[in-house]
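First up is the structure itself, then whatever we jot down about it.
The values are calculated or read from the model by the stated rules, or taken from the named source; none is laboratory data. Since the structure is predicted, the reported quantities are computational estimates derived from the model, not experimental observations. Cβ atoms come from the backbone with ideal geometry, glycine included; neighbour counts cover every protein chain shown. SASA here: full protein model, heavy atoms, side chains in, ligands and nucleic acids out. Shrake-Rupley method; radii C 1.70, N 1.55, O 1.52, S 1.80 Å.
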Amino acid sequence: ADNQLKLRGFRIELGEIEAVLRENPQVGECVVIAREDLSEEKQLVAYIVASEDNRLSAKRLRDFLLEKLPSYMVPAHFVELHRMPVAPTGKIDYKRLPSPKLESDRWSTHDAHTPVEEILLGIWEETLKRDHVGLHDDFFDLGGHSLLAIRVISRMRSAFGIDLPLKALFEAPTVATLAVRVEREQQEGHKKDMPPLTAVPRGQMLPLSFAQQRLWFIDQLEPTSAAYNSPTAIWLTGSLDRQALDYSVTEIVRRHEVLRTSFPLENGEPVQRIAPSGKVSVPLVDIAEIPEQEQVALDIACNDSRLPFNLSEGPLFRMMLVRLAADKNLFVLTLHHVVSDGWSVDILIREFTALYSAFVQKRPSPLPELAVQYADFAYWQRQWLTGKALDTYVSYWRSRLAGVPPLRLTMGRSFDIQTGVGATASYDLRSEAIEALQDISRTSCVTLFMTLLAVFEILMNYHSGQMDFAIGTPVAGRDCLEVEDLIGFFVNMLPLRADLSGDPTFKQILERVRAVTLEAYAHQALPFEKLVEELKPARVDGAPEIFQVTFAVQNERVAVGELPGLKIEMADSTLEEVRFGLVLWIVPSSSGWQAWWRYSTGRFDATQVDRLQRDFASLLEEVIVKPDARLSEFNLVLQRRLQKIEDVEHARAHASRVKFKGRKRMPVQPA
């Protein structure tokens, strides 16, 4: 390639552009060429290999070059490569540099035609963590799922002042089509139903949120219970700066009032009392001289997680640093659920990472101040979820759940056994199977969660014989943009009613699951606690009969990684007490995906849970092969699998009788 060319009347030196690009710390290798196969005239194309652990942004690179070069020298296209193609001579093979037309749209320039399209593109890029999204890129093909879809709808509500249902994104999954829907809604004058969430004066009584109130009542009944403790353990490997650690924790507690909140009684009613901020020092437990340190450290964390909190006094969190060696520590964090949830732990880790990185380098906090606090959310929720708004949600759920029977599995013991003791069993899922299910999800216009839920419903049908039941699923409960970065108890439980009547095919089950799930998401603003209070369902064995089993898919892993001189890693832990009889979580792992079964040991044993997992894995494989099969066919497959297992056990028992034939010892009889 010639290092000089004449383009649009200007003489350009390609080497000069490459030299400027290399000044950007995100750029490792780069080469700039002029291509004639993209349009009627030559166009500059920059091929870039990112420096280690960096994510390239075409927009930022373009802006970077515009600060240093005239506009005519800025490439029209930026293409990211994993490595430069090299010829046998060791030089760059320019003939193997791909055309931008063959690359992903995220490196091409797609100018928005309207302000609505421009705003939507920004929302999608932020939510999907992508540097560029095309106008015609499918949201779900780019990695979108239900949780991210809720975030998009929340941002659209804030940006456009309209309240679209979640199913709108499924019906219009590209920016181009969704923009048409938004513009039509704006023209028709649709406005959001919820009032704005703003800060309220602290000189008045601050009520509990509906979710907090339920946990407060439970605590009054069982004040010494640790069932609603939420423990987290994190390995810190490397050179730990204790001062930066304390400063980071202190700043997090200052930023989030809920971590300084207790719940005393005033005039016979629980209220939120917020303590002033102050210095927080993480206590140290040194076990450097003790053998089997890792297990001892985890035992310490486990014992701490089982200590109750006093909700009326606080604080409602505990922190501890267990030192195993100079370069290895276990950071133990236990919070009461009344002030936190799973999303909150992600926020806490993200903020700790940002703060520690800044403080260890003697820089100020990079985090912006929070506009509202959890107490503002609780007050807002109590103000708007009344009258007509409340009646609308309650009416929907009353009609949706009318006559739903409790799920009764043929295995396990009665649900009246309330031990509170839980166990966890984890199993690896084939990555190829999940990828195949994702393909089925895309072609069926559903999310991976919906597909896996449909399989789980078939599993529950097989082990109960019921066609009608409800399964609970947790949702983030953060459908307001203002609360996305708050620590607090927002998580909500949605009852999803299964309908397997009429021997449907799997695709028909998927259609039913999609309809039920999207409707439930559209009505998720009603807290489950308020739903139980309003519907007053009959209680089965001491618990509301709405659902007894829960299912969830976690699409994203907790954001942990490297810090200056320090590596952080989540510790494998099963510390949390059981709150439901049976829970299945499908979670991403370093090697692919895993199924985590959480169960009450008073209701199920390990053998029964292992049976459930084997049946679930068998169904996954069968769905991939026969997505058009009917419910009865899947049940027949499971029955045949069980028969094979029984045949094997019978053969083993027979072999045992033959082995001991003629001896005085009694043979082992089959169960």
* From the list Arg8, Arg83, pick out the single residue that is at positive phi, open to solvent by 90 Å² or more (accessible area, probe 1.4 Å) and at pLDDT below 85. => Arg8
* To do: Give the residue that is farthest from Met194 (Cα to Cα), with candidates limited to residues of segment 375-398 that are charged (D, E, K, R) and surrounded by fewer than 17 Cβ atoms within 10 Å (Cβ to Cβ).
  => Arg398
* Structure fact -> In segment 352-374, residues that are closer than 30 Å to Asp219 by Cβ, open to solvent by 10 Å² or more (accessible area, probe 1.4 Å) and not in a loop (DSSP other than H, G, I, E, B) total 1
* **Enumeration of residues in segment 245-279 that are touching a Pro at 6+ places or on another chain (Cβ under 9 Å) and over 16 Å from His336 (Cα atoms)** => Glu269, Pro270, Val271, Ala275
* Structure fact -> Val133 fails exactly one of (1) open to solvent by 20 Å² or more (accessible area, probe 1.4 Å); (2) at pLDDT 75 or above; (3) β-branched (Val, Ile, Thr), namely (1)
* Asked: How many residues, within segment 562-586, are at pLDDT 85 or above, among the aliphatic types (A, V, I, L, M) and out of contact with any helix residue (DSSP H, G or I) (no Cβ under 9 Å at 6 or more places or on another chain)?
  -> 1
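Residue-by-condition table, conditions (1) open to solvent by 20 Å² or more (accessible area, probe 1.4 Å); (2) out of contact with any His (no Cβ under 7 Å at 6 or more places or on another chain); (3) at pLDDT 85 or above; (4) within 29 Å of Val532 (Cα to Cα):
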site: Gln187; (1), (2), (3), (4): yes, yes, no, no
site: Asp193; (1), (2), (3), (4): yes, yes, no, yes
site: Ser209; (1), (2), (3), (4): no, yes, yes, yes
site: Leu221; (1), (2), (3), (4): yes, yes, yes, yes
* To do: Examine segment 274-296 for a residue that is open to solvent by less than 10 Å² (accessible area, probe 1.4 Å) and farther than 21 Å from Glu569 by Cβ, and state whether such a residue exists.
  => no
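Of the residues in segment 533-547, how many are of a type outside the set (Val, Ile, Thr) and either part of a helix (DSSP H, G or I) or modelled with pLDDT of 85 or more (or both)?
Final tally of qualifying residues: 4.
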* So Leu142 clears everything in (1) of a type in the set (A, V, I, L, M); (2) surrounded by fewer than 19 Cβ atoms within 10 Å (Cβ to Cβ); (3) not in a helix (DSSP H, G or I) except one condition, right? Which one? -> (2)
* Asked: Yes or no: Ala538 among the small types (Gly, Ala, Ser), open to solvent by 10 Å² or more (accessible area, probe 1.4 Å) and closer than 22 Å to Leu169 by Cα?
  -> no
* Say we look at segment 349-377 and pick out the residues that are of a type in the set (D, E, K, R) and free of Cβ contacts under 8 Å to residues at least 40 places away in the same chain; which of these is nearest to Gly203 (Cα to Cα)? -> Arg363
* To do: Could you grab me the full set of residues in segment 153-174 that are touching a residue at least 60 places away in the same chain (Cβ under 8 Å) and either within 17 Å of Ala525 (Cα to Cα) or open to solvent by less than 20 Å² (accessible area, probe 1.4 Å) (or both)?
  => Ile153, Ser154, Arg155, Arg157, Ser158, Pro165, Leu166, Lys167
* Asked: So which of Ala288, Ala297 ends up being farther than 30 Å from Gly203 by Cα and in a helix (DSSP H, G or I)?
  -> Ala297
* What number of residues within segment 230-267 are open to solvent by 60 Å² or more (accessible area, probe 1.4 Å), over 24 Å from Val296 (Cβ atoms) and outside any helix (DSSP H, G or I)? -> 3
* From (1) in a loop (DSSP other than H, G, I, E, B); (2) in contact with a helix residue (DSSP H, G or I) (Cβ under 8 Å, 6 or more places away or on another chain); (3) at pLDDT 80 or above, pick out the condition that doesn't hold for Ala559. => (3)
* Asked: Looking at segment 145-175, which of its residues are hydrophobic (A, V, I, L, M, F, W, C) and part of a loop (DSSP other than H, G, I, E, B)?
  -> Ile162, Leu164, Leu166, Ala172
* Is it the case that some residue within segment 386-397 is hydrophobic (A, V, I, L, M, F, W, C) and not in a helix (DSSP H, G or I)? -> no
* **Test: Pro315 is out of contact with any strand residue (DSSP E or B) (no Cβ under 8 Å at 6 or more places or on another chain) and either in contact (Cβ under 8 Å) with a residue 40 or more places away in the chain or open to solvent by 50 Å² or more (accessible area, probe 1.4 Å) (or both)** => no
* Could you give me the residue pairs with C-beta distances under 6 Å whose first residue belongs to segment 238-258 and is free of Cβ contacts under 8 Å to residues at least 24 places away in the same chain, whose second residue is open to solvent by 30 Å² or more (accessible area, probe 1.4 Å) wherever it lies, and which are 6+ apart or on separate chains? => Arg254/Ser277
* Asked: What about Val609, is it surrounded by 15 or more Cβ atoms within 10 Å (Cβ to Cβ) and either assigned to a helix (DSSP H, G or I) or on the phi > 0 side of the Ramachandran plot (or both)?
  -> yes
